[in-house]
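One structure is given below, encoded as structure tokens.
The values are calculated or read from the model by the stated rules, or taken from the named source; none is laboratory data. All values derive from a computational prediction rather than experimental measurement. Neighbour counts run over all protein chains shown; Cβ positions are idealised from the backbone, glycine included.
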Amino acid sequence: MIRQAQQMIGLPVLHPRGGKVGRVQDVWFDESWRFCGVVLHRPFPWPKRSVRVVRKERIVSWGEDALMIDGADAVETVDGKRPLRTFDTGPVRLKDRPVYTVEGRELGRVSDVYFRPEEDKPWIGVELSDGFLADVTEGRRRLFLPGDAEAVIGEDAILVPASCERVLERNHKEQGECP
């Protein structure tokens, strides 16, 4: 099943006895941009020395309204000094990163990311923004990487094959679910 980072952010995280262990603050990725788990909100904004996470192996299921984990002990604390790759809040993040074709054409900026948590593959697509006015009047565009196409996620930008420009879709509300 395809998941979107924006739809996970804010979900309560519950353990099997019905207790709430936190809320999803962000989606966590590894060095290859494969889904690793979720980052939980910190109760206080400091200290930034540690980050609370739940690894994907400990996530039992998630629906529209909550994320279920296999036990309260699934919440780990990791060193906040190491760079976490996340969708929005980490030091290395995807949100707002520009996407260009290898021929130098800008396609937009990342506003959401699509991934399949059960697969051991990097994210499969992004939702692109052309700015607030264009998003409101025309809708955002979705880019799903075709077949074996790969994106290069660099320090400052994401590079995709030139053919990706032809497969952009407008994300209007009436279009329904993504593929």
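Looking at 51, 27, just one residue is in contact (Cβ under 8 Å) with a residue 12 or more places away in the chain, surrounded by 14 or more Cβ atoms within 10 Å (Cβ to Cβ) and either over 27 Å from residue 150 (Cα atoms) or among the charged types (D, E, K, R) (or both), and that residue is 51.
Among the numbered conditions (1) assigned by TED's automatic domain parsing to the domain that holds residue 159; (2) out of contact with any helix residue (DSSP H, G or I) (no Cβ under 8 Å at 6 or more places or on another chain); (3) not acidic (Asp, Glu), the only one that residue 115 does not meet is (2). Within segment 76-104, being outside any strand (DSSP E or B), at pLDDT 90 or above and among the hydrophobic types (A, V, I, L, M, F, W, C) holds for 87, 94, 102. Against the list (1) surrounded by 19 or more Cβ atoms within 10 Å (Cβ to Cβ); (2) β-branched (Val, Ile, Thr); (3) not assigned by TED's automatic domain parsing to the domain that holds residue 155, the condition residue 75 fails is (1).
In segment 39-47, is there at least one residue being surrounded by fewer than 13 Cβ atoms within 10 Å (Cβ to Cβ) and among the hydrophobic types (A, V, I, L, M, F, W, C)? Yes, segment 39-47 has at least one match. Taking segment 131-160 as the range and being surrounded by fewer than 18 Cβ atoms within 10 Å (Cβ to Cβ), assigned to a loop (DSSP other than H, G, I, E, B) and modelled with pLDDT of 85 or more as the test, the residues that pass are 154, 155, 156, 157. Within segment 98-117, residues that are of a type in the set (Gly, Ala, Ser) sit with their Cβ atoms under 6 Å from residues that are outside any strand (DSSP E or B), at 6+ positions apart or across chains, in these pairs: 108/130. The listed residues are 107, 128, and the only one of them that is at pLDDT 85 or above, over 21 Å from residue 9 (Cβ atoms) and part of a strand (DSSP E or B) turns out to be 107.
When segment 110-125 is limited to residues that are farther than 22 Å from residue 154 by Cβ and surrounded by 12 or more Cβ atoms within 10 Å (Cβ to Cβ), the one that is modelled with the lowest pLDDT turns out to be 117.
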